[in-house]
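Reviewing the structure listed below.
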Amino acid sequence: MDMFEKCYQFSRANEVIAAGLLPYFRTIEENHGPVVKMEGKDVVMAGSNDYLGLTQHPEVIEAAIQAIRAFGSSCSGSRFLNGTSILHTQLEEELADFLGVEACLAFTTGFLTNQGVIATLVERGEHLLSDAENHASIVAGGWIVRARGGNVHRYATNNMSALENTLKKIPKDAPKLIVTDGVFSMSGRIVDLPALVRLAKAYGARVMIDEAHAAGVLGEGGRGTPSHFGLKNTDVDLTMGTFSKSFASLGGFIAGERRVVDYIKFNSQAFRFSASMAPGSVGAARASLRIIRREPERIERLRKISLEMRQGLKSQGFKLIESITPILPVIIGDDMLTFRFWKRLMDEGVFANAVIAPGVPSGMQLIRLSLIATYKQEHLDKILEAFRKVGKEFGLIG
Ligand SMILES: Cc1ncc(COP(=O)(O)O)c(C=O)c1O
């Protein structure tokens, strides 16, 4: 059979596309912060990870321009060779200082960071323990581990007895790495970090936490999940994060003990054989970090509107997965219904994300809102009104 036969036979999305209901790959024609132009119409963006609204901040834009002026549009090579600029090392030092850890290493994307760090650390015969709701990039790291003869254990999400049962089955002296999202990207739930850290200590496992949706969002000054629970980033062994969300840029990082970060720097294929973060991205990430440190009120506003919007949707009668993060998953419960609901929200001027299996278990299909700190009251009102109207139309609320 021809290698491309599967491509020619691929028809999964055709029916939904034909009905004009495909919620994915929609084109943004203009971006004005919380409002974007799509298909010729202004819509409130409620499906972006720009949690603090910094992608439109003049200081961030100017920093990206200045970085490009000084270092060009690309580093044209890997960090290992010609791709380390003084901007990269400054970003790493500033981030390590923010997180209160010894060292930090910036990768080209968040995906590569997870895949690369996990594949570098967990060797043949060693053990990776991974939450079932972890991001695809952690799963991809696990595939490499498995292919190289390591062991991958998936435990039920945020279920500490499932994690303990898994730990019990692994020989005591075998090297173990527990990897978990701090905030789970689909459900918006926060990991039970204090319990996870206690288990890790009791069973001699190392912990790596993915702070993609927690850095700049949770904890004191946006320091993330450990801080949310009154812990320090040194209470987990490794902190991973992305620059593509609160940091209004593109790239990823791993932070922790210097000797471990240095080991990853010299040994990770994903790090050594990818072109480094582009100068503009580094400039934008540094400026965002500066603003996060200087203006904690942005994080406060995000927290406040997250609680208000959650409360607003619940009082309209919608079912949400409980949490306190700016990720608001509204359960719809069926693929086509979710697509149709999504389309009607678009008609009403709101862009949100439709999430179906395998992103969530069947029956839990949902519309996921991700909120932005820079919304004005009119944007929040518009989102609530659109949900009220469409929810009634679909008989999901009374
Ligand atoms: C939890 C989590 N980890 C890692 C990533 C990958 O980051 P990036 O998109 O910046 O490569 C994402 C992005 O969607 C994420 O949600």
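Structure notes:
- With respect to (1) in contact with a Phe, Trp or Tyr (Cβ under 7 Å, 6 or more places away or on another chain); (2) within 25 Å of Ser244 (Cα to Cα), the lone exception for Asn353 is condition (1).
- Comparison of Thr157, Thr113, Thr109, Thr180 shows that the only residue that is surrounded by fewer than 20 Cβ atoms within 10 Å (Cβ to Cβ), within 21 Å of the chain's Cα centre (by Cα), within 16 Å of the ligand (Cβ to nearest atom) and not small (Gly, Ala, Ser) is Thr157.
- Enumeration of residues in region 1-15 that are in a loop (DSSP other than H, G, I, E, B) and aromatic (Phe, Trp, Tyr): Phe4, Phe10
- Selection status of Ala287, assigned to a helix (DSSP H, G or I) and either more than 16 Å from the ligand (Cβ to nearest atom) or exposed (fewer than 15 other Cβ atoms within 10 Å of the Cβ) (or both): yes
- Residue match in region 233-250 (condition: away from the ligand (no atom under 16 Å from the Cβ), assigned by TED's automatic domain parsing to the domain that holds Leu87 and touching a strand residue (DSSP E or B) at 6+ places or on another chain (Cβ under 7 Å)): yes
Quick grid of which residues meet (1) surrounded by fewer than 17 Cβ atoms within 10 Å (Cβ to Cβ); (2) in contact with a Pro (Cβ under 9 Å, 6 or more places away or on another chain):
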{"residue": "Ala354", "(1), (2)": "no, yes"}
{"residue": "Ser362", "(1), (2)": "yes, no"}
{"residue": "Leu366", "(1), (2)": "no, yes"}
{"residue": "Ala373", "(1), (2)": "no, yes"}
{"residue": "Glu378", "(1), (2)": "yes, no"}
{"residue": "Gly391", "(1), (2)": "no, no"}
{"residue": "Gly395", "(1), (2)": "yes, no"}
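- Ala215 meets the conditions (1) among the aliphatic types (A, V, I, L, M); (2) closer than 24 Å to Asn49 by Cβ; (3) out of contact with any Asp or Glu (no Cβ under 8 Å at 6 or more places or on another chain); (4) not in a loop (DSSP other than H, G, I, E, B) in every case but one. The failed one is (4).
- Residue in region 126-141 that is more than 19 Å from the chain's Cα centre (by Cα), modelled with pLDDT of 95 or more, of a type in the set (Val, Ile, Thr) and assigned by TED's automatic domain parsing to the domain that holds Ala270 present: no
- Criterion applied to Ile68, Ile86, Ile118 was being within 28 Å of Ala275 (Cα to Cα) and either within 16 Å of the ligand (Cβ to nearest atom) or assigned by TED's automatic domain parsing to the domain that holds Ile327 (or both), and the one residue passing it is Ile118.
- Considering region 218-232, and only residues there that are over 25 Å from Lys319 (Cβ atoms) and part of a loop (DSSP other than H, G, I, E, B), the residue that is nearest to the ligand (Cβ to nearest atom) turns out to be Gly224.
The values are calculated or read from the model by the stated rules, or taken from the named source; none is laboratory data. The shown structure was predicted, so the numbers you read here are calculated from the model rather than taken from an experiment. Note that each Cβ is placed from the backbone with ideal geometry, even for glycine, and that neighbours are counted across all protein chains shown.
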